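Working notes, beginning with the structure itself.
Bear in mind these aren't lab numbers, they're just calculated from the coordinates by the rules spelled out. Everything numeric here is computed off the predicted structure, so don't read it as measured data. Note that each Cβ is placed from the backbone with ideal geometry, even for glycine, and that neighbours are counted across all protein chains shown.
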Amino acid sequence: MRVNSNIGCWLLVPVIAMGLTASSATAQDAESTTVTTTETTVGCPATFEITYSLYSDYIFRGINFSEYAWEGREKPNHQLTTSLGIDVGDLVGAEPGTCGTFQFDTFFEWFAAQKQLDPVSGGQNWQEVDYTLSWAYDIEPMSSTLTLGWTFYAFPNAKQNNTHEWFVSIDHNDAWMWKWLYPDNEDGVLNPSLALYHDVGVGAGDAAWVEFGLSHEFEVAEDLTITPSWTLGIDHTYYHYFAGDPDDSTTRFANMLWGLDVTYDITELVRFPEKWGSVAVSGFIFFSDALGNAEDNRVIQDEFFGGMSIGWSFGG
């Protein structure tokens, strides 16, 4: 579960091939030898990212997993994500990008007040650890990226709640829709995305969650971007299993998540060597707007939360 992130370019390996050519030697001919050196660059198809984030709350699909009764002042919520991506085409010697990208992601969440949140079994501050395997493929005729994946959710303090889900998502580059307004633009304007998550663990193969999102990144200055985003969450009995909703047959609009992210690439500012990758810091704020009877029944409620992060990426 995440609200919501390349050890790549392995060493360049020079391959030296030497060829020797000699003419047939005679008493009158001079012996000649030719040495040829060929250097071949072998690129590594991997990328790696690691990001540490500090959040005021851990809100996932509208549910607050880091707030207990009479909490008062917010307690720190620490999150660490890693992402390793491998270009399959590059790996097997085909044209890069032609076979998609395999990715392995991890998510670690640590809550300072875990014992107060769960007095019975809250012995570890590690509240959650997730592992995700996915494969993404660019469908060029559709200007879209299709992703298929699987996530395992582990809860060290409540192992009986460990679960897993399959998901499929499509991210679309909608630049073609705006050619009349921006003829030379090749980047997405609203960047629509659609994702379906199907829990087959605790959700008994019945719980599903759907998200439709829009976002746009504005480069307001060199190395500085601002990205507003909006996501609509649709619940199909997901809250029944994960938020205690007594209704087990509900499909409904669950929440809208409004977000604003400000990211500054500090690689050049801190004189970080370019060959070692890039470093960026971010600040963000979100508002989760609970909708309909999910809010009326107090299954979820409106939530403001935010934080900051620092991340390092390498490769690509």
Can you tell me the FRET efficiency between residue 296 and residue 142 if r is taken as the Cβ-Cβ distance and R0 is 45 Å, rounded to the nearest 0.05? 0.70
What ratio of Cα Rg to 2.2 N^0.38 Å holds for the chain? 1.29
Lys, Arg +1 and Asp, Glu -1 on Cβ, resulting dipole of the chain about Cα centre, debye, nearest 20: 780
For residue 249 paired with residue 150, estimate the spin-label separation in nm (one decimal), with each label point 7 Å from Cα along the Cα-to-Cβ line. 3.2
Charge dipole of the chain about the Cα centre (unit charges at C-beta), most positive-ward option of 305, 79, 225: 79
Within segment 219-242: backbone nitrogen closer than 20 Å to the residue 268 label point (7 Å, Cα to C-beta): 219-227
Label point distance in nm, residue 168-residue 54, each placed 7 Å from Cα along Cα→Cβ: 4.2
